[in-house]
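Written below as structure tokens is the structure these notes are about.
The values are calculated or read from the model by the stated rules, or taken from the named source; none is laboratory data. Only a predicted model underlies this, so the values are computations on that prediction, with no experimental measurement involved. Here Cβ is always computed from backbone atoms with ideal geometry, including for glycine, and neighbour counts include all displayed protein chains.
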Amino acid sequence: MPVPSPGAPAPDFALQDQTGKSFRLSDLKGKKAAVLYFYPKDDTTGCTAQACAFRDETPRFEAAGAEIVGISDDSTDSHSQFAAKYSLPFTLLADPGGRVRKLYGVKKTLGIIPGRVTFVIDKFGIIRHVYSSQTAFRQHVTEALQALAK
């Protein structure tokens with residue numbers, strides 16, 4: 001599937017978080033914006049840098065009325081360990097088989113590494129910003145904060 005563009009409705013989905021609880025994107029509708037970021041793998045150098053950058057800016061996201069949600073193919077157990085190890089205060093969702101990744105059109109880099117793409121979704125469920133970079137880990141945070149400020 002192609003990457004949904006800004007102005008398009010965000011595809012709804014339900015996945016399990018790091019505690020095994022079900023998370024549905026549409027549950028945020030009318031309440032909060034969402035910063036949905038897809039990343040390759042728990043506890044790897046780039047993904048840890050990105051997650052910690054989101055962690056460090058969590059108060060700014062909360063002040064902007066946004067919830068941070070990370071998604072990878074890793075298991076709920078892997079997410080639980082990753083979140084505990086780095087004190088990540090936000091939701092990590094397990095997407096085994098990459099069903100939601102495909103729904104959002106997030107492609108693999110070089111055909112093997114799951115893509116790194118961030119979507120900023122307003123509280124009405126509309127995508128407002130998309131940023132994709134496999135290597136600019138912290139830029140995902142900067143782009144998301146700038147999009148929320150608009």
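Within the range 1-18, residues that are part of a loop (DSSP other than H, G, I, E, B) have Cβ atoms under 6 Å from residues that are of a type in the set (V, I, T) and surrounded by 13 or more Cβ atoms within 10 Å (Cβ to Cβ) in these pairs: P4/I127; P6/I127; A8/I127; A10/I121; A10/I127; F13/V100; Q18/T76, counting only partners at least 6 apart in sequence or on another chain. Pairing each residue of the range 113-132 that is free of Cβ contacts under 8 Å to residues at least 60 places away in the same chain with any residue that is surrounded by fewer than 22 Cβ atoms within 10 Å (Cβ to Cβ), provided the two are 6+ apart or on different chains, yields C-beta distances under 6 Å for Y131/E143.
Between K85, K108, the distinction of being out of contact with any Leu (no Cβ under 6 Å at 6 or more places or on another chain), over 29 Å from K150 (Cβ atoms), without any contact (Cβ under 8 Å) to a residue 12 or more places away in the chain and basic (K, R) belongs to K108 only.
Among what's in the range 88-105 and is in a loop (DSSP other than H, G, I, E, B) and in contact with a Leu (Cβ under 9 Å, 6 or more places away or on another chain), pick the residue that is farthest from M1 (Cα to Cα).
D95
For the range 106-129, the set of residues classified as of a type in the set (K, R) and either in a loop (DSSP other than H, G, I, E, B) or under 18 Å from G20 (Cα atoms) (or both) consists of K107, R116, K123, listed by residue number.
When you go through (1) at pLDDT 95 or above; (2) more than 24 Å from F13 (Cα to Cα) one by one for T135, which number turns out not to apply? Here T135 meets the rest and fails (1).
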